[in-house]
1. At least 2 residues that are within 14 Å of chain B (Cβ to nearest Cβ) and closer than 27 Å to B:V110 by Cβ in each: list the strands (runs of 3 or more DSSP E) lying fully within segment A:44-132 that qualify.
2. Pairs only if they're at least six apart or on different chains, beta carbon under 6 angstrom, first in segment B:153-174 and within 9 Å of chain A (Cβ to nearest Cβ), second at pLDDT below 90 and in a loop (DSSP other than H, G, I, E, B); list them, first residue then second.
3. When you look at A:I78, is it touching a residue at least 40 places away in the same chain (Cβ under 8 Å) and of a type in the set (V, I, T), yes or no?
4. Are any residues in segment B:46-77 under 17 Å from the mean Cα position of the chain (by Cα), touching a residue at least 60 places away in the same chain (Cβ under 8 Å) and either surrounded by fewer than 20 Cβ atoms within 10 Å (Cβ to Cβ) or more than 9 Å from chain A (Cβ to nearest Cβ) (or both), and if so, which ones?
5. Taking A:Q25 as meeting all but one of (1) in contact with a Leu (Cβ under 6 Å, 6 or more places away or on another chain); (2) surrounded by fewer than 18 Cβ atoms within 10 Å (Cβ to Cβ); (3) modelled with pLDDT of 95 or more, write down the number of the exception.
6. May I ask you to verify whether B:Q134 is more than 16 Å from B:L72 (Cβ to Cβ) and polar (S, T, N, Q)?
7. When the residues of segment B:30-45 are narrowed to those that are within 13 Å of another protein chain (Cβ to nearest Cβ) and outside any strand (DSSP E or B), which ends up surrounded by the fewest Cβ atoms within 10 Å (Cβ to Cβ)?
8. Hey, does segment A:52-62 have a residue that's aliphatic (A, V, I, L, M), farther than 18 Å from A:M19 by Cα and touching a strand residue (DSSP E or B) at 6+ places or on another chain (Cβ under 8 Å)?
Amino acid sequence: MSEQLLNSHGFLQLNLGKMRVLVPQHEVQSLESTLDISVEKNDMNSIGNIINNGVTQNVFNFDDKLNVIQSMSDSRRICVCLQNDDVAYGVTCDAVNNIDLQEVKLVELPECMKNKYCPVLYLGIYKNRVINVVNTSTLNNVISQTDNLN
Amino acid sequence: MEQNAENNIDGNTCKAWVLPIANDMNVAVGEFEMIHIISEWLRFYTVPHSPTYCNKILIWQGQLVPVFDINLYIKSQYSINNNESAVPDFVCIVAYRAEGQTKTIQFGAVSLSALPYKVDVTDELFCGYPDEEQRWASIALSCFQHAEYGPTPIVDLQRIYCPEPFHLDMVRVS
């Protein structure tokens, strides 16, 4: 998974308040407006759902500590639809930027910072800021773990 | 007492840096393991859902360096949550050899409550860990009796920064 991530053609930066999260471009299915989110909830932790390529997907909202929150934030304008082989869902964010891998110096998350609940696979320095590289699977772990806490 | 050969002065005495990690707690590292003290304002970045005792990172000389709060690790039974930990008064940069074939020099940061200072350590100062209930054995090599502050564990930086999976006890709390 890690090599596949590093071989990704690029990353999409999601701005979640102060938090900057990078997801691999190949896992991004589409960008939608948050205006298209239906408030009908199929998952108790979601904020609603959205139809992406004819398929209804849960949409989740994360705060700037990457905790799942069950209400929509005013600043969220974009819904990023993510998909891998196992799961598909939407994530709301304030803004997105394309980032080329060449511009980002990535290092693996230090061993002492790892645990099975941490979605961050790599850390990077981009324009003198620290960015967190996650993927659809590890973000989904945070969502699943939120289920366990509730 | 395990000794770093590089530190050995007369075969029995070696120099160590004492790192104050809290008002009531010190640890020690070898003379050449601590390489920089940072006393000015620093920008810390929090890595979400990392262990509370090590959820901050800083940029030092263009590198990302994890900041380990040894006091929090030792005293906290519940080590993982997504809360903010306190910003340290000082940090020092330490160097250690990475595990694996390359054994490259890696850097880490330790949260401090006061500035470090040097002491001489001898075998005769060997003593037990400050509190057997705490988790010193998982990160310390040995312990010596500090004349003023009592038992001072000598920490193993490789075990702190390169723990085997789940070597550092981690308990999830909501």
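1. Working: elements: A:48-52, A:55-62, A:78-83, A:88-93, A:95-100, A:105-108, A:122-126.
Hits in segment A:44-132: A:105-108, A:122-126.
2. Qualifying pairs under 6 Å: B:C162/B:E99; B:M170/A:N115; B:M170/B:S79.
3. Details: touching a residue at least 40 places away in the same chain (Cβ under 8 Å): yes; of a type in the set (V, I, T): yes.
So A:I78 fits the description; yes.
4. B:I70, B:Y73, B:I74
5. It is condition (3) that A:Q25 fails.
6. Working: more than 16 Å from B:L72 (Cβ to Cβ): no; polar (S, T, N, Q): yes.
For B:Q134, the condition - more than 16 Å from B:L72 (Cβ to Cβ) and polar (S, T, N, Q) - is not met.
7. Looking only at segment B:30-45, we keep the residues that are within 13 Å of another protein chain (Cβ to nearest Cβ), and these are B:42-45.
From what's left, outside any strand (DSSP E or B): B:42-44.
On the way: B:L42: 16, B:R43: 10, B:F44: 18.
Of everything passing the filter in segment B:30-45, B:R43 is surrounded by the fewest Cβ atoms within 10 Å (Cβ to Cβ).
8. The first filter runs over segment A:52-62 and keeps only residues aliphatic (A, V, I, L, M), leaving A:55, A:59.
Add one more test, that the residue is farther than 18 Å from A:M19 by Cα, and what stays is A:55, A:59.
Keeping just the survivors that are touching a strand residue (DSSP E or B) at 6+ places or on another chain (Cβ under 8 Å) gives A:55, A:59.
Yes, that holds for at least one residue.
The values are calculated or read from the model by the stated rules, or taken from the named source; none is laboratory data. Quick caveat, the model's predicted, so the values are computed rather than measured. Every residue, glycine among them, receives a Cβ derived from its backbone with ideal geometry; neighbour counts consider all protein chains shown.
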